[in-house]
Amino acid sequence: MREDPYADAVTAAPVRFLYRLNPLAKLLAPVPAMVLLVFVRDLATPLAFLALTYGILLVGVSFTRRLVLLLAVALPLGALLIGFGFSLWIDPANVDRSVTVWQAGSWTLYGGAVATGLATGVRIAAIVALSLIVGLSTTGPDLVRSTVQQLRVPYRIGYTALAAFRFVPRFGHELEVIRHAHRVRGAHSGRGPFALLARWGGYVVPLLAGAIRHAERVALAMDARAFGAHPDRTERHIVPFRARDTVFICLFVAASATIFLVVASSR
């Protein structure tokens, strides 16, 4: 999901089909697979879902340098680090101890622990990759609009949550302005943990005052637009749920079921 919740929809080539799907379709389609992956213990199933997800993202979204680094470096590296950590953490009594990978004194790292750790790391990576299907191709406003329009979530909750989420980048900008102002004035200079605490203590009061002022302005703006005065609101932007959204959900669920059945039958 993009950082700016009020960002416009991404313009992409027609082949990047994920941008043209309803956010709920992209959110609901991978959910059954993500839930079932929690209970999977083998390595083949999450690898198959990683391949499926990478294939969908390769076609469905526009690639940037950051996305390439995320999919080609960060996600595999994270899976390896998590897998290595779990292989050290797991109880040796509960794994296959026929193969010794590393021995240091009385402590032994067995091949069964490494296999279990890697399966856990790849499983977490597969769940994260499945969440990227909606995260990389959906804006915050479209997700809120679809929950309000299709799931009948009260607009008071949806748009209030969106306004609150919009505070995050604004607070980041205001914090940067306050830091520059303190630096110009030479306030709280110095090094070390006490100087760091003094600097951050000086940021809190102006940041809190700015947050209160901004919250008051947002509340006045929402009142001026009669927010909450009626049970329903007229939507300026419609996010329809089309037949292609249903087709995407059915195809993804069918592909997920096929992966589970094929892996289970091959054991």
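The values are calculated or read from the model by the stated rules, or taken from the named source; none is laboratory data. None of the values given here were measured: they were computed from a predicted structure. Here the Cβ positions follow ideal geometry from the backbone for every residue, glycine too, while neighbour counts run over all protein chains shown. All accessible areas refer to the heavy atoms of the entire protein, side chains included, with ligands and DNA or RNA removed. Shrake-Rupley method; radii C 1.70, N 1.55, O 1.52, S 1.80 Å.
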Against the longest principal axis of the chain, how steep is helix 44-60, in degrees 0 to 90 to the nearest 10, with axes from Cα atoms?
-> 40
Taking H as built 1.01 Å from N, whose amide H comes closer than 5 Å to the amide H of residue 110, not counting residues under 5 places away?
-> 101
In degrees, nearest ten, helix 111-135 long axis to first principal axis of the chain (Cα) | 30
Semi-axes of the chain's equivalent ellipsoid from the Cα gyration tensor, sqrt of 5 times each eigenvalue, largest first, rounded to whole Å?
-> 41, 32, 16
Compute the projected area of the convex hull of the Cα atoms of region 161-234, averaged over all viewing directions, and report it in nm² to one decimal place.
-> 6.3
Fraction of alpha-carbon pairs over 20 Å apart in region 1-136 - percent | 53
Just how many % of Cα pairs in region 141-192 lie over 17 Å apart, if you round to the nearest whole percent?
-> 56
Please state the charge dipole magnitude for region 1-158, taken about the Cα centre, from unit charges on C-beta atoms (+1 on K and R, -1 on D and E), reported in debye and rounded to the nearest 20.
-> 400
Neighbour-limited loop hits for trypsin sites (Lys or Arg not before Pro), region 170-250 (at most 11 other Cβ within 10 Å; DSSP other than H, G, I, E, B) = 191, 225, 236
Looking at region 163-249, which GluC sites (Glu not before Pro) are DSSP coil and have at most 13 other C-beta atoms within 10 Å of their C-beta?
-> 235
For the Cα atoms of the chain, what angle does the longest principal axis make with the long axis of helix 243-265, in degrees from 0 to 90, nearest 10?
-> 30
Ordering 237, 173, 214 from largest to smallest accessible area (1.4 angstrom probe), what's the sequence?
-> 173, 237, 214
